[in-house]
């Protein structure tokens, strides 16, 4: 069923490809009315809420007539300059409209380059002659998906991209000389990325790291279990360890209760089903934020800063 042509949605959420079901479940659990889906865009008649499983939320959706390619481009340009097209239905016509808009180059970022500060809206074609456009959205990246200049030689795995994206979205990162504990570190993708920032890393894992990471002067390997480690003062606690979400929640709560870490970033990895109860418990932690990044699979990223250290 198409969205009514006379009333715009009050919010629209962009899901990562393949994670539409998780977003729909999250919205339902939050008491939201069932959204109307247009590809991976969930359109809602309710005001926008914080949705962890959305890459971004379109917060001020508008319906614009698109009687012609030129008329559609004129309507978008009359609102603002910068727009990002969400690929989907009627893509041929949408590309013709996009070609008439000012070019927005989504160039890959060179980490630790900060997120773009320029204003960016999102749009798509609901039908050949109706545009859904939102001048404002919660992410500065096209469709909530940042891109990075990858390092294909240094890191031992691609997991570093997840950390890069998480820190960029969060707007915080370790500084040179900061102390970091990387739980479940092997083969060392996150430890490598932290060391490249100049941080001093204790990589905790029962398995050794890749030799190239083990040789980095900023990295020390501690052969131990992530869950046996007692909290101790550290600037950053990080974890991409594979474990059941409630176990990770207990670990994070223990470190926060001990007032040991200034910053925490962990990946919550779900098994066959999505543990929304535990995700909601993470989201309820004061000072934290929960999000699904483009590099995440069936997992969420939780980031937290000690309240006295929050900017």
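Values quoted throughout were computed directly from the atomic coordinates according to the rules given, and no laboratory measurement underlies them. Because the structure is predicted, anything quoted here is derived from the model rather than measured. Here Cβ is always computed from backbone atoms with ideal geometry, including for glycine, and neighbour counts include all displayed protein chains.
Suppose only helical runs count, i.e. DSSP H with n ≥ 4. What mean residue ellipticity at 222 nm does that imply for the chain under -39500 (n - 2.57) per run, divided by all residues and rounded to the nearest 500 deg cm²/dmol?
Mean residue ellipticity, 222 nm, calculated: -6500 deg cm²/dmol.
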> Based on the Kirkwood radius over alpha-carbon pairs, what is the Stokes-Einstein translational diffusion coefficient of the chain at 20 °C with 1.002 mPa s viscosity, in µm²/s?
Replying inline: 103
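Listed highest first by mean packing, meaning other Cβ atoms within 10 Å per residue, what order do 72-82, 260-270 come in? Could the numbers behind the result be given before it?
On the way: 72-82: 16.7, 260-270: 22.4.
The peptides rank, most packed first, as 260-270, 72-82.
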> With the chain treated as a Gaussian network of Cα nodes joined by springs under 10 Å, which of 288, 184, 70 yields the largest mean-square fluctuation?
Replying inline: 70
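Using packing as a proxy for protection, rank 276-285, 140-149, 225-234 so that the peptide with the highest average count of other Cβ atoms within 10 Å comes first. Intermediate results must be reported in sequence, preceding the final value.
On the way: 276-285: 16.6, 140-149: 18.8, 225-234: 13.6.
By packing density, highest mean first, the sequence is 140-149, 276-285, 225-234.
Order these peptides, 127-136, 50-59, by their mean beta-carbon neighbour count within 10 angstrom, highest first.
Working: 127-136: 18.9, 50-59: 23.4.
Ranking the peptides 127-136, 50-59 by packing returns 50-59, 127-136.
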>> Helix 245-257 against the longest principal axis of the chain: what's the angle in degrees, Cα atoms only, rounded to the nearest 10?
In response: 70
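Could you work out the Kirkwood radius for region 187-311, taking every pair of different alpha carbons, averaging 1/r and inverting it, reported in Å?
On the way: mean 1/r = 0.0655 Å⁻¹.
Taking every pair of different Cα atoms in region 187-311, averaging 1/r and inverting gives 15.3 Å.
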